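Participant: After the structure tokens below, expect a handful of questions from me.
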Amino acid sequence: MAFIVDLADVSDSDRPQVGGKASKLGELVRQGLPIPPGFVVTTEAYQAFVDATGLKTEIPAALASIDPSHGETVETASKRIRAAFETTEFPPSLRETVAEAYESYVRRFSVRYSAVRSSATAEDLEGASFAGLQETYLNVTGTENVLTAIRQCWGSLFTPRVLVYRQRKGFDHATVRLAVLVQKMVDATVSGILFTRDPNTGENHMIVEAGYGLGEAVVGGEVTPDHYVIDGATQKIVHKQISEQKIRVVRAEGGGNRREEVPAAERKAQKLSDHRLHRLVSLARLIESHYRRPMDVEWCGDDRSLFIVQARPVTTIPTSTAPGATGAGASAAGETAAEKGPILRGFGASPGVAVGAVRLLKDAKEMDELRAGEILVTSMTTPDMVPAMSRSAAIVTDEGGMTCHAAIVSRELGVPCVVGTREATTKLSNGMEVTVDGKTGVVFLGAVVKGRPMAASAATAAEPLPSGAAVAHGHGGVPVTATKIYVNVGVPEKAEEYARLPVSGVGLLRIEFIFTAHIREHPLALLKKGKKDELVRRLSEGIGKVCQAFHPRPVIVRTSDFKTNEYRGMPGGEEFEPPEENPMIGWRGCSRYISPVYKPAFLAELEAIRRVRTDLGMKNAMVMLPFVRNTWELEEIAEMMRAEGLRRSRDFQLYLMAEVPSTVLLAREFSKHCDGFSIGSNDLTQLVLGADRDSETLGRMGYFDERDPAVQRAIALLIEGAHAEGRTVGICGQGPSVYPEFAEFLVREGIDSISLNADTVLPTIRTIASLEERMKLQGLRARA
């Protein structure tokens with residue numbers, strides 16, 4: 001990739017060159033979302049700048065010199081590096097390239113003011129957002145000013161707060177690089193943040209916060225924004241909290257920002273109309289649907305339109321909804337502080353309960369006064385306070401909303417946090433003992449649990465308590481569910497790690513992943529070379545590795561489901577794979593196995609599975625067939641399997657992927673040929689709705705959604721038909737973990753099992769346990 005790239009040409013795969021912020025925004029441009037236009041000065045440009053100047057030796061030298069005992073602190077090293085960036089001139093050729101790109105963009109999009117934004121390679125990740133830690137410069141105008149802002153962004157990769165945060169999150173300073181995104185500035189009259197899932201509780205609510213003017217005051221915690229809650233299932237506004245806003249940040253004459261007073265008549269008004277709020281929610285749904293996970297979205301609007309200016313995964317959805325189940329400062333009893341007699345109320349920004357002595361801080365300059373275990377109390381929590389935040393037992397602020405950047409960081413640090421109390425700095429004083437409940441957003445005087453004083457020894461960190469008494473597979477704190485939970489395994493190398501999860505086995509092991517990751521050659525090409533033994537050996541090694549890790553729990557091995565366009569790309573594939581106009585519904589799945597051309601490769605797959613079961617003794621290897629269209633192809637495949645010694649019995653089960661509507665409509669007929677079904681929600685959705693899952697246009701328009709009533713009706717029909725014949729039904733995919741309402745639908749319909757990606761196993765187990773408990777109570781109430 002070159003030094004400059006247009007934002008519209010960027011996608012998620014370009015993260016190493018354009019950083020997290022730009023890669024996600026470029027991806028959303030491709031999805032048709034309203035993103036201000038711009039260009040990216042890539043990490044290659046950053047590296048060229050460093051390599052061509054003294055910075056190549058200055059940066060490691062400054063970092064190596066950190067030694068607090070000799071007065072060389074993180075702050076000293078940071079100051080030295082940032083000064084070097086700001087005083088070092090661009091190499092002439094690089095300067096010319098960047099200046100030409102800026103001037104071309106100004107002409108093309110009629111730009112007067114720009115936002116110059118840091119976009120680091122270690123940013124907007126699922127476990128570390130780096131929210132607000134690198135610099136952004138707004139309302140920048142003119143070539144020279146933009147070039148200066150770019151150098152300042154590069155230098156912000158080494159601020160004290162970034163160095164501390166990066167070290168805490170385990171990132172190597174030497175490997176992180178920074179791109180810079182230059183975008184057309186929106187003259188925002190309103191702005192804010194949206195979470196597609198409640199980041200505090202994990203509930204299926206969208207949280208929107210909005211304030212007047214530029215977003216700097218909202219995300220920086222300088223004002224308390226309006227707070228709106230939208231039901232994730234119905235999209236209805238279920239709660240509004242309108243805050244008084246006295247100041248706002250707006251564009252200054254000639255560039256830069258200025259603060260101004262909000263007219264008295266507007267201060268207590270709703271900042272975002274219901275109509276615009278619903279429009280914003282619809283945009284957020286498209287973003288979440290594209291990424292298939294909860295997202296944190298920054299947005300702004302001028303007098304005419306709304307724009308998305310950042311999107312990143314929510315990094316802090318709690319893995320347990322058990323009260324008090326958080327990190328530092330959580331009550332050992334696992335209890336939430338009492339609702340009785342709080343002295344302060346605000347927004348619960350980071351869950352957990354902590355007790356400690358108050359330490360008032362006016363600003364980041366006073367950070368060193370805070371001792372480990374004290375309660376940090378300040379007017380507004382800013383990203384500059386990260387070092388102090390990490391030492392504190394809890395955080396309480398006057399201003400800010402639960403979606404401000406500092407609150408995001410506090411959740412990642414596992415520190416309970418309450419924001420927007422309005423009067424914490426006036427009601428609390430140094431040394432005062434208080435209890436902070438970051439889940440409910442309240443602060444109590446003294447050490448309190450359920451209205452009673454709490455012993456100091458109880459205010460220590462503890463393991464989360466289970467929400468039920470039973471524990472699965474010896475995993476403390478994980479409830480047992482009636483719905484079996486399996487894990488999807490992509491590559492055998494992850495098997496040992498995933499086997500430690502509290503799951504009933506592997507619900508999906510795709511053979512094609514072993515082909516692409518280990519064999520890396522078309523199977524028919526290997527057979528043509530006379531390398532059948534090598535093909536079978538390598539397949540059996542990969543499958544066997546997973547089966548051994550999970551033994552005796554079952555491992556469901558799905559035979560290959562390559563499409564022709566995917567197989568053609570493998571070495572040797574062009575000779576055997578015909579071009580197809582629509583490979584999604586072409587020569588794939590079972591139709592391959594019964595064709596004379598591919599049959600020898602399928603027989604090699606069966607031989608590999610047979611070897612795992614007989615030679616390795618791994619009787620936990622089961623088989624699942626993909627993209628089944630009719631029963632007569634199953635009869636032919638069953639004959640091939642029997643010839644290979646794979647006959648359905650008590651010890652060997654055969655499953656079918658339910659992806660084609662024919663398996664749903666004739667579920668009872670298909671049940672005669674298998675022991676159970678696994679719903680492939682992506683293919684079933686596209687075939688029920690006639691919506692190509694690869695169509696960007698239909699995806700943007702919201703057509704592809706497994707929650708569609710027609711898809712849910714198909715799933716209900718399958719479960720009904722299969723259960724009537726004594727067959728099980730499971731599902732593999734992200735849907736149940738991304739959409740709690742979809743998980744609830746499946747559980748209520750009687751799904752037998754759910755197979756999940758490893759990172760969503762624990763939170764989804766707890767979600768399903770809660771659903772099952774609620775259903776049980778509802779059943780008891782109905783019979784009473």
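Participant: Which of the strands (runs of 3 or more DSSP E) found entirely inside the stretch 177-272 contain at least 3 residues meeting this: more than 30 Å from Ala2 (Cα to Cα) and modelled with pLDDT of 90 or more?
Facilitator: Correct list: 190-195, 205-212, 226-231, 237-241, 247-251, 257-261.
Participant: Listed residues Met622, Met584, Met618; which is within 27 Å of Ala716 (Cα to Cα), within 40 Å of the chain's Cα centre (by Cα) and not in a helix (DSSP H, G or I)?
Facilitator: Met622
Participant: Pick from the stretch 138-169 the residues that are part of a loop (DSSP other than H, G, I, E, B) and farther than 22 Å from Thr88 by Cβ: which of them is least open to solvent (accessible area, probe 1.4 Å)?
Facilitator: The selected residue is Thr141.
Participant: Against the conditions (1) open to solvent by less than 10 Å² (accessible area, probe 1.4 Å); (2) out of contact with any Ser or Thr (no Cβ under 8 Å at 6 or more places or on another chain); (3) under 30 Å from Thr685 (Cα atoms), where does Gly544 fall short? Just the number, please.
Facilitator: (3)
Participant: Just to be sure before I move on: is Asp172 within 30 Å of Gln17 (Cβ to Cβ) and surrounded by fewer than 19 Cβ atoms within 10 Å (Cβ to Cβ) in the structure I sent?
Facilitator: Yes, satisfied.
Participant: Now a separate question. Thr76 passes all but one of (1) under 30 Å from Ile308 (Cβ atoms); (2) part of a helix (DSSP H, G or I); which number fails?
Facilitator: Thr76 satisfies all of (1) under 30 Å from Ile308 (Cβ atoms); (2) part of a helix (DSSP H, G or I) except (1).
Participant: Go through the stretch 592-628 and report how many residues are open to solvent by 40 Å² or more (accessible area, probe 1.4 Å) and among the acidic types (Asp, Glu).
Facilitator: Of the residues in the stretch 592-628, 1 are open to solvent by 40 Å² or more (accessible area, probe 1.4 Å) and among the acidic types (Asp, Glu).
Participant: If Gly589 passes every condition in (1) open to solvent by 60 Å² or more (accessible area, probe 1.4 Å); (2) on the phi > 0 side of the Ramachandran plot but one, which one does it miss?
Facilitator: (1)
Participant: Of the residues that sit in the stretch 651-669 and are touching a strand residue (DSSP E or B) at 6+ places or on another chain (Cβ under 9 Å) and of a type in the set (Ser, Thr, Tyr), which one is nearest to Gly721 (Cα to Cα)?
Facilitator: Thr663
Participant: Which one of Ile242, Ile247 is among the β-branched types (Val, Ile, Thr), over 27 Å from the mean Cα position of the chain (by Cα), open to solvent by 10 Å² or more (accessible area, probe 1.4 Å) and under 28 Å from Gly202 (Cβ atoms)?
Facilitator: Ile242
Participant: Might you let me know whether the stretch 513-521 holds any residue that is in a helix (DSSP H, G or I), aliphatic (A, V, I, L, M), open to solvent by 10 Å² or more (accessible area, probe 1.4 Å) and in contact (Cβ under 8 Å) with a residue 24 or more places away in the chain?
Facilitator: yes
Participant: Next question. Restricting attention to helices (runs of 4 or more DSSP H) lying wholly within the stretch 636-722, give those where 2 or more residues are in contact (Cβ under 8 Å) with a residue 40 or more places away in the chain and surrounded by fewer than 19 Cβ atoms within 10 Å (Cβ to Cβ).
Facilitator: The qualifying helices (runs of 4 or more DSSP H) are 661-665, 696-700.
Participant: While we're looking at this one, here's another question. Can you pull out every residue in the stretch 547-562 that is open to solvent by 10 Å² or more (accessible area, probe 1.4 Å) and over 17 Å from Met624 (Cα atoms)?
Facilitator: Answer for the stretch 547-562, where residues must be open to solvent by 10 Å² or more (accessible area, probe 1.4 Å) and over 17 Å from Met624 (Cα atoms): Gln548, Ala549, His551, Pro552.
Participant: Gly505: on the phi > 0 side of the Ramachandran plot, of a type outside the set (S, T, N, Q), touching a helix residue (DSSP H, G or I) at 6+ places or on another chain (Cβ under 8 Å) and modelled with pLDDT of 90 or more, yes or no?
Facilitator: yes
Participant: Let me ask something else about it. For Arg537, only one of the following conditions fails: (1) surrounded by fewer than 19 Cβ atoms within 10 Å (Cβ to Cβ); (2) closer than 18 Å to Val628 by Cβ; (3) among the basic types (Lys, Arg). What is its number?
Facilitator: Every listed condition holds for Arg537 apart from (2).
Participant: Kindly state which strands (runs of 3 or more DSSP E) lie completely within the stretch 391-441 and contain at least 2 residues that are crowded, with 24+ Cβ neighbours inside 10 Å and either out of contact with any strand residue (DSSP E or B) (no Cβ under 9 Å at 6 or more places or on another chain) or at pLDDT below 90 (or both).
Facilitator: Per the criteria, 417-419.
Participant: Let me ask another. Tell me, yes or no, whether the stretch 511-522 has at least one residue that is of a type in the set (S, T, N, Q), at pLDDT 85 or above and on the phi < 0 side of the Ramachandran plot.
Facilitator: No; the residues of the stretch 511-522 include none that is of a type in the set (S, T, N, Q), at pLDDT 85 or above and on the phi < 0 side of the Ramachandran plot.
Participant: Select from the stretch 5-45 the residues that are surrounded by fewer than 24 Cβ atoms within 10 Å (Cβ to Cβ) and assigned to a loop (DSSP other than H, G, I, E, B) and write down the one among them that is nearest to the chain's Cα centre (by Cα).
Facilitator: Applying the filter and picking the extreme gives Ser11.
Participant: Please work out which one of (1) buried (at least 19 other Cβ atoms within 10 Å of the Cβ); (2) at pLDDT below 90 is the condition Glu566 fails and give its number.
Facilitator: Every listed condition holds for Glu566 apart from (1).
Participant: If a residue has to be closer than 15 Å to Val448 by Cβ, outside any strand (DSSP E or B) and open to solvent by 20 Å² or more (accessible area, probe 1.4 Å) to count, how many in the stretch 340-376 make the cut?
Facilitator: So the answer is 4.
Participant: Ok, one more. Only one of these is among the small types (Gly, Ala, Ser) and closer than 21 Å to Glu635 by Cβ: Gly589, Gly572, Gly544, Gly530. Name it.
Facilitator: Matching residue, one of Gly589, Gly572, Gly544, Gly530: Gly589.
Participant: Turning to a different aspect of this structure: Any residue in the stretch 203-216 that's farther than 18 Å from Ile242 by Cα: show its pairings with residues that are surrounded by fewer than 24 Cβ atoms within 10 Å (Cβ to Cβ) and of a type in the set (Phe, Trp, Tyr) at Cβ separation under 8 Å, as long as the two are six or more apart or on different chains.
Facilitator: Asn204/Tyr739
Participant: Sticking with this one: I'd like the full set of residues that are open to solvent by 20 Å² or more (accessible area, probe 1.4 Å) and either in contact with a Phe, Trp or Tyr (Cβ under 7 Å, 6 or more places away or on another chain) or closer than 18 Å to Asp226 by Cβ (or both), limited to the stretch 272-287.
Facilitator: Scanning the stretch 272-287 gives Ser273, Asp274, His275, Arg276, His278, Arg279.
The values are calculated or read from the model by the stated rules, or taken from the named source; none is laboratory data. Nothing here was measured: the structure is a model prediction, and the numbers come from that model. Here Cβ is always computed from backbone atoms with ideal geometry, including for glycine, and neighbour counts include all displayed protein chains. Note: areas computed on protein heavy atoms with side chains; ligands, DNA, RNA excluded. Shrake-Rupley method; radii C 1.70, N 1.55, O 1.52, S 1.80 Å.
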